Amino acid sequence: MAEPIIRAQQVEKYYAQPSENRIQVISPTDLSIQTGEIVALLGPSGSGKSTLLRMLAGLSRPSGGEVYWHGAPIETAKINVSIVFQSFALFPWLTVMENVEAPLKARGMAATERRERSEKILDTVGLDGFEAAFPKELSGGMRQRVGFARALVVEPEVLFMDEPFSALDVLTAENLRSELLELWQKKTIPTQAIFLVTHNIEEAVLLADRIIVLGRNPGHVRTDFRVATLAHPRDRKAPAFTQIVDYIYKVLTRPDVMPDMPKLKAGRPVRDQRQMRYEMLPHARPGGIAGLLELAIDFGGRTDIYRLADELAFEIDDLLPIVDAAQLLGFLRVEEGDVVITPTGREFAESEILRQKELFREAALEHVLLLRQISRALRSKSDRTVPEEFFLDMLDEQFSDEETQRQLETAINWGRYAELFDYDASRRRFTLPEEEETAKSVVEEGGAE
């Protein structure tokens, strides 16, 4: 195989902490980008997709390992890449033409040459006639076309795209995907490879020759495979298309199991080497979990996650935390890409509020270490109160500062709902609920007699 354009060897990203521990964002990872391929990178929120993109593009140095450009270390090589961002990131005070010319001007290109090249690329992306317009005069789709034009005008060897269609409406995004693919296939643009970060599974299967799926905590490659069986243009209703979409959903929703992908040559999955004392709590509310379970019952107790997301018009990143939370609590299982409600989950969904709280409390104490620790600490203290700082100190040995706070907020939300504890935000302390404290006093007095 020819030397890849970009090769990452054991690259990782971590952030040092005041203690000897460190926050690992991406574990040591090998990855390459070959000439002639569109690579799509998928993964749940927090898996390090954009961080990995920035390291491959040379915008961020890895904490360990090395990125190579045509075999040379990227920091010493003369790289030729450009990036299309999720936000349009245009200069509002410049015209369309001036926005597209900006990177060429920064490279010192003569005015006549940069004007000719910019006019050509604007015509290529369908913006002929809008050269003098300002960004505020354009629709979202047209502004993103300007973003593509500005990225392509430098004739990059590798085009990086960080969720470039996610801010657009469905039809506009579909048109832009099709037009980009047409430019690529007809070799209208000199770009040799495209690296796309996305959270849209169908988008990845529609565009990519190769798909990489990341796991999280820390980010690591779970699977890396080529989409060899589907020719362009791809039909969403084709069985092979659906098979690949379902496979990716299974990978995303089953972090503990690597599902088989028949008929497609999958890359070697990397073993998950996470050693976590706390499971990461999905950021979902009890009401959302109850709503998901009720929907699962309406679908007969078992439904395909892909179809459920489509039915609800949810993106995968919106639905997965709720699915993960319900699965963590034992209210449902994920089997072969389907959500299957458990007997406990069915009882929870069909019960009155007081019974729901009781079932949630039992599930939380059984499955969530942090909630179990808070509950036990409160019962062991003579004054039945514990400062939140005690748990923050333990959590930040494992999570970033931001994620530590989010984990505690989710735990507080779940614990309050389950009536495991009260939380005084002004004093930043956990306290035992009044009713339970009274019951404890009665038991203790009875024992004393």
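How about the stretch 164-199: which of its residues are crowded, with 19+ Cβ neighbours inside 10 Å, under 22 Å from Ala313 (Cα atoms) and of a type in the set (Gly, Ala, Ser)? Of everything in the stretch 164-199, just one residue is crowded, with 19+ Cβ neighbours inside 10 Å, under 22 Å from Ala313 (Cα atoms) and of a type in the set (Gly, Ala, Ser), namely Ala173. With the condition kept exactly as written, say whether any residue in the stretch 360-367 is touching a residue at least 12 places away in the same chain (Cβ under 8 Å), assigned by TED's automatic domain parsing to the domain that holds Asp310, closer than 16 Å to Leu292 by Cα and out of contact with any strand residue (DSSP E or B) (no Cβ under 9 Å at 6 or more places or on another chain). The answer is yes, given that some residue of the stretch 360-367 is touching a residue at least 12 places away in the same chain (Cβ under 8 Å), assigned by TED's automatic domain parsing to the domain that holds Asp310, closer than 16 Å to Leu292 by Cα and out of contact with any strand residue (DSSP E or B) (no Cβ under 9 Å at 6 or more places or on another chain).
Give Gln144, Gln86 a once-over and let me know the one that is surrounded by fewer than 19 Cβ atoms within 10 Å (Cβ to Cβ), in the same structural domain as Val25 (by TED's automatic domain parsing), of a type outside the set (Ser, Thr, Tyr) and at negative phi. Don't jump to the end; show me each part of the working.
Numbers: Gln144 fails: surrounded by fewer than 19 Cβ atoms within 10 Å (Cβ to Cβ).
One residue alone meets the criteria, Gln86.
With respect to Ala40, determine if the residue is aliphatic (A, V, I, L, M) and surrounded by fewer than 18 Cβ atoms within 10 Å (Cβ to Cβ). So Ala40 does not fit the description; no. Of the helices (runs of 4 or more DSSP H) entirely within the stretch 100-212, those holding at least 2 residues that are under 30 Å from Gly46 (Cα atoms) occupy 140-152, 170-185, 201-207. Checking Ile79, Ile26, Ile74 one by one, the residue that is within 27 Å of Phe165 (Cα to Cα), buried (at least 19 other Cβ atoms within 10 Å of the Cβ) and either free of Cβ contacts under 8 Å to residues at least 24 places away in the same chain or in the same structural domain as Glu157 (by TED's automatic domain parsing) (or both) is Ile26 and no other.
Remark: Tyr14 matches the filter, which requires a residue to be surrounded by 14 or more Cβ atoms within 10 Å (Cβ to Cβ) and either modelled with pLDDT under 90 or of a type in the set (Val, Ile, Thr) (or both).
Among the conditions (1) without any contact (Cβ under 8 Å) to a residue 40 or more places away in the chain; (2) more than 28 Å from Glu203 (Cβ to Cβ); (3) not in a loop (DSSP other than H, G, I, E, B); (4) not small (Gly, Ala, Ser), Arg54 misses just one, which is (2). Regarding the stretch 347-354, can at least one residue be identified that is of a type in the set (Phe, Trp, Tyr), in contact with a Pro (Cβ under 7 Å, 6 or more places away or on another chain) and not assigned by TED's automatic domain parsing to the domain that holds Ser47? Within the stretch 347-354, not a single residue is of a type in the set (Phe, Trp, Tyr), in contact with a Pro (Cβ under 7 Å, 6 or more places away or on another chain) and not assigned by TED's automatic domain parsing to the domain that holds Ser47.
Please specify each residue of the stretch 1-29 satisfying the condition of being outside any strand (DSSP E or B) and among the hydrophobic types (A, V, I, L, M, F, W, C).
Let us first name the residues in the stretch 1-29 that are outside any strand (DSSP E or B), namely 1-5, 17-21.
Listed by number, the residues that qualify are Met1, Ala2, Ile5.
When you look at Met161, is it modelled with pLDDT of 90 or more, touching a Phe, Trp or Tyr at 6+ places or on another chain (Cβ under 8 Å), buried (at least 18 other Cβ atoms within 10 Å of the Cβ) and aliphatic (A, V, I, L, M), yes or no? Criteria met by Met161.
The values are calculated or read from the model by the stated rules, or taken from the named source; none is laboratory data. Since the model is a prediction, treat every value here as computed from it, not as a measurement. Positions of Cβ are generated from backbone atoms using ideal geometry, with glycine treated the same way; all protein chains shown enter the neighbour counts.
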